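Here is the structure we will look at.
What follows is calculated from the coordinates using simple rules that are stated; it is not laboratory data. Note that this is a predicted model, so its numbers are computed, not measured. Quick reminder, even Gly has a Cβ in these numbers, built from the backbone with ideal geometry, and neighbours come from all protein chains shown.
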């Protein structure tokens, strides 16, 4: 197993999703594009590919960039639906960061003539 594969396989959300204190008191928006999301279809086992767009206004915490990259990569061998992957990522980041605002868009590549986009926005949708 190559070193990257080993790191991704061993990724532990509780110890490896590193968050840092936000030293800034003003509100600002962090935007990330995560273009290499992959997971496996729970029905067929075929790979699904997506670009995730994350934006959030931090309160006390920000996510470290390498840590979120590894977290996103940890889905690559998991059998999980589009909806479940987007909601799991949103819920984990919401729980860990407790941001003032957060929006996650999961834009999955078309497969079988279906294009799925999942959007979760704290300003539009309540729990």
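Fully extended, how many nm does the chain gain between residue 100 and residue 116 (0.36 nm per residue separation, minus their Cα-Cα distance)? Before the final figure, lay out each step's value.
Numbers: separation 16, 0.36 × 16 = 5.76 nm, distance 2.69 nm.
Between residue 100 and residue 116, full extension yields 3.1 nm more.
In plain terms, the chain from residue 69 to residue 22 could stretch by 15.0 nm, reckoned as 0.36 nm per residue minus the Cα-Cα distance.
Shown is the FRET efficiency for residue 3 and residue 61, computed with R0 = 30 Å from the Cβ-Cβ distance and rounded to the nearest 0.05: 0.60.
Here the spin labels are modelled as points 7 Å beyond Cα on the Cα-Cβ line, and at residue 31 and residue 46 they lie 3.2 nm apart. Label positions at residue 88 and residue 38, each projected 7 Å from the Cα along the C-beta direction, are separated by 1.7 nm.
Using Cα pairs closer than 8 Å and at least 6 residues apart in sequence, work out the relative contact order for the stretch 3-121, in percent.
Working: 210 pairs, mean separation 34.0, N = 119.
Relative contact order here is 29 percent.
Restricted to Cα atoms, the chain shows a radius of gyration and a Dmax of 14.9, 47 angstrom.
Could you give the angle, 0 to 90 degrees to the nearest 10, between helix 82-97's Cα long axis and the longest principal axis of the Cα atoms of the chain? Around 20 degrees separate the two axes.
Ranking of 61, 20 by neighbouring Cβ atoms within 10 Å, starting from the fewest: 20, 61.
Applying the Kirkwood pairwise sum to the alpha-carbon positions of the stretch 9-50 produces a hydrodynamic radius of 14.2 angstrom. Ordered by the count of other Cβ atoms within 10 Å of each Cβ, fewest first, 24, 82 give 24, 82.
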